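A short worksheet on the structure shown next.
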Amino acid sequence: MHQEDDSGGCACGCGCDLSAANHTGNLPDWRNLPDSETVCFCHGVTKGEVRRAVEMGAYTLPLVKAATNAGRCKPDCGDNPRGRCCAPDITELIRLYHQGPPEWATRGPCCG
């Protein structure tokens with residue numbers, strides 16, 4: 001997940017220099033916003049794209065980044081009118097739409 005490094009920046013590899021820990025308050029009410037609402041302004045990724053990725057099994061921040069490019073922001077996240085990294089928003093969408101681990105993650109060994 002999004003973690004702070006020793007300098008107060010992001011250490012998760014997303015390229016964001018802003019700390020998610022310092023920007024978790026005042027999130028939009030994602031449950032009631034339309035799927036067309038932009039989550040990641042740097043890459044133009046919408047709530048609907050993130051929601052679909054989560055529903056397809058992207059149940060962590062790195063998986064959503066890989067599936068949608070959301071959260072792989074410019075160093076200063078300057079395109080975000082919310083003035084912060086979008087990682088807290090993505091994390092909230094994962095919380096809202098993740099229904100548990102995907103079936104493949106809970107199965108036993110395939111060659112038992």
Q: Name the residues whose placed amide hydrogens come within less than 5 Å of the amide hydrogen of Val39, ignoring near sequence neighbours (fewer than 5 apart) on the same chain.
A: Val45, Thr46, Lys47
Q) For labels at Asn26 and Leu96 in the simple 7 Å Cα→Cβ model, what's the distance in nm? A) 1.9
Q: Tell me the label-point distance for the pair Asp79, Thr60, using the 7 Å Cα-to-Cβ offset, in nm and rounded to one decimal.
A: 2.6
**Q.** Under 12 Å, Cβ to Cβ, from Thr46 - net charge with Lys/Arg +1 and Asp/Glu -1
**A.** -1
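Since every read-out is calculated from the coordinates, none of them should be taken as a lab result. Remember, it's a predicted structure, so these values are computed and weren't measured experimentally. Heads up, the Cβs are rebuilt from the backbone with ideal geometry, glycines too, and the neighbour counts pull from every protein chain shown.
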